[in-house]
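Scroll down for the structure; my scribbles are underneath it.
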Amino acid sequence: MTKTIHRVWKYGDNINTDVIFPGKYTYTINHDPAQLARHALEDLDPAFAAQAQTGDVIVAGRNFGNGSSREQAVTCLVQAGLRAVIAHSFARIYFRNAINNGLLAIECPPVVDCVETGETLAIDTTAHEIHADGRVFAFAPLPVAVQAILDAGGIVPWLSAQV
Amino acid sequence: MVSEFGSGEYAKLARLCQPMAMRFMPTLTEQILARAAGKSQVAPGEIVVIEPDVILSHDNSAAIADIFAQLPHKRVKYPERLAITLDHAAPPPRPKHARNHAKIREFARVQGIKQFYEVGRGICHQVLCEEGIVGPGMTLLGADSHSPHYGWLGAFGAGIGRSEVAALWATGQLWLRVPETLRINLAGSLRRGVTSKDLALALIGELGADGAAYMAVEFAGESLANMTADSRAALTNMMAEMGAKSACMPPDDTTWRWLGDALARARPQDGQQRLELFAANALYPAADAQVAREHTIDLSEVEPLVACPHATDNVLPLSEVAGRRVDVGFIGTCTNGRLEDLAAAAAIVSGRKLRRRLLVIPASSLALRDAAEAGYLTTLLEAGAVIGTPGCGPCMGISMGVLAPGEVCISSANRNFRGRMGEPSAEIYLANPAVVAASCVAGELTHPADL
């Protein structure tokens, strides 16, 4: 059974890496889980770091994660317990960083307008479907090779397993 | 087992991906990626594995070294391909940043990284060009989002994250999706006082912050011949703010002259040899290369523009926002901190006094030296500007010139996101260096012609 239920945090277009994880911490907070989680979405929504629960998802508009290549913009969300980001579209470096850290990054434009903060949706990673607002939305699977990295939990465990 | 992708850890991964339909009119980007992948041709959407010629990192190298330490690989696969600069928190503002630098120096020593550049040498993208590390037809993957920069030399540059750089250190290889291409045709000439920064802002304003998402931008058109080397670098650099994976233009006389000068200065022993290697490596787009999208812009219609808070595509004509309050100006960064930019600022402030603080941070030690020789620094200092150590400065809110709550900054940098310069209640406007200088003279957003 790969269908799971998640609580939604809803945001808009162009949620950039500076508001997800401010640049001023980029070289001083690198791997510490508690510190990463504490600053997640600091300049966008202070309620997020305070109230996010394991298994929550972000639903956002176009170009999620644009800007810097800083990987903490992904890992801070992972450490805050986030399971997935579902967006109209992603900035390309953010998309790669998400895969490389085992965070589901799902492009599914029609679902974006169907849910609001506090509501729930379900993700079926086997059928590649999102269930929300009483409807079912399909999303495209990743290329097989890229899915393998995500399934391994990220590029470090994937690469370690290849050797 | 050796496949067409080589024998590395990614070989299995690449074999899983099916090549797409054949294409015969390749873009510059497709030619570079095909050669790097060891294939006769590649098509958009195809996944390829390449071994990039250059693997870039900077202050983030300390964190990358932590990730690298989690991998079973103990040695860097190709130490001669790594290039590391200390530029993002330089000089280090806090002990933690200094510890990062110390750790990176030790890593470079232990792993035998010779392309290592100390605090004060300058910003990675400028330094790697000046040092002749990247040339036409080459590939660079870097832990920096402004890596499309290198396309001004006819190279392929793309940004990646820290974990992928650690993987590259370990294996020398990484997968890439071959991007669709957006060709931007440049027609006509920029008017006096209008720069390639304004052109970049015009494109970003029109096409949006995701206007080239997942795509390669290729610039074309006879107008390119009139654009200086420094202006070209600002243009490809800024395409990161349009979501581009990479951005490039074919090398021409200006490129070769610049590379010849740079190599003669950086590598007196073998510069000529390296220039010949670059020439042999250079690739050019097929005439009528097939592209996914095309956009034409008449340069003569571009006017001085400003990206207003808090988005790079929130672009307005300077004439519409002139008179707005300014507290401080910043001229610098990989986008607009080169000699040409310092010259433009000096020309504006010459014989005048600044009403607002102006922080000038040259992109590299060579830009600083050349600006000193040309007298630009004296002019800027006499007007009341402050000169900082070559590097990224306050661009991402870490060091030297971060903003106070509510302050308004006019900047020649590349990002104006909320909190970018360290304080979420501050506001950042992006413009060309002459507009920044003029606004600091006048004390409000000002067109240089109105001084």
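The values are calculated or read from the model by the stated rules, or taken from the named source; none is laboratory data. These figures come from a predicted structure and were not determined experimentally. Every residue, glycine as well, gets a Cβ built from its backbone with ideal geometry; the counts of neighbours run over all protein chains shown. Ligands, DNA and RNA are stripped out before the accessible areas are found, and what is left, the full protein with its side chains, is counted by its heavy atoms. Shrake-Rupley method; radii C 1.70, N 1.55, O 1.52, S 1.80 Å.
What do you get for the angle between helix B:365-374 and the principal long axis of chain B? Use alpha-carbon atoms, 0 to 90 degrees, nearest ten. It works out to around 40 degrees. The orientation-averaged projected area of the convex hull spanned by the Cα atoms of chain A comes to 9.2 nm².
Taking the Cα centre of chain A as origin, work out the dipole magnitude from +1 charges on Lys and Arg Cβ and -1 charges on Asp and Glu Cβ, in debye rounded to 20.
On the way: 11 positive and 16 negative charges, 58 e Å.
Its charge dipole is roughly 280 debye.
In the full protein context, chain B carries 34 Å² of accessible surface per residue, based on a 1.4 Å probe and ignoring ligands, DNA and RNA. Loop exposure criterion: GluC sites (Glu not before Pro), DSSP state outside H, G, I, E and B, at most 15 other Cβ atoms within 10 Å. Applied to chain A, the longest stretch between such sites is A:1-115. Taking a point 7 Å from the Cα of B:Ser350 along the Cα-to-Cβ direction, the residues of segment B:190-204 with backbone N closer than 19 Å to it are B:192-195.
Can you give the charge dipole size of chain B about its Cα centre, rounded to the nearest 20 debye, using +1 on the beta carbon of Lys and Arg and -1 on the beta carbon of Asp and Glu? Don't skip to the end; give the middle numbers.
Details: 42 positive and 47 negative charges, 286 e Å.
Its charge dipole is roughly 1380 debye.
For segment A:1-61, dividing the convex hull volume of the Cα atoms by the residue count gives 106 Å³ per residue.
With both labels modelled 7 Å from their Cα along Cα-to-Cβ, the B:Ser319 to A:Ala161 distance reads 6.1 nm.
Need one number: the % of Cα-Cα pairs in segment B:343-451 sitting beyond the 20 Å mark. Value for segment B:343-451 (Cα pairs over 20 Å): 37 percent. Building the convex hull from the alpha-carbon atoms of the protein assembly as shown and averaging its projection over directions returns 25.8 nm².
Each of B:Asp270 and B:Gln70 was given a label point 7 Å from its Cα along the Cα-to-Cβ line. The distance between the two points is 3.7 nm. Quick one: dipole size for segment B:269-322, taken about the Cα centre, charges +1 on Lys/Arg Cβ and -1 on Asp/Glu Cβ, in debye to the nearest 20. Using only the charged Cβ atoms, the result is roughly 240 debye. Judged by the ratio a/c of the largest to the smallest principal axis of the C-alpha gyration tensor, segment B:289-411 counts as prolate, that ratio being 1.5 or greater while a/b is larger than b/c. Cα centroid separation, segment B:310-333 to segment A:40-72: 27 Å.
The count of lysine pairs in chain B with alpha-carbon distances below 21 Å, taking only pairs 8 or more places apart or on different chains, stands at 9. For B:Glu218, the residues 5 or more places off, or on other chains, whose built amide H falls under 5 Å of its own are B:Leu182, B:Arg183, B:Ile184, B:Cys248.
For the protein assembly as shown, the mean residue ellipticity at 222 nm estimated from helices alone is -9500 deg cm²/dmol, where every DSSP H run of n ≥ 4 contributes -39500 (n - 2.57) and the total is divided by all residues, rounded to the nearest 500.
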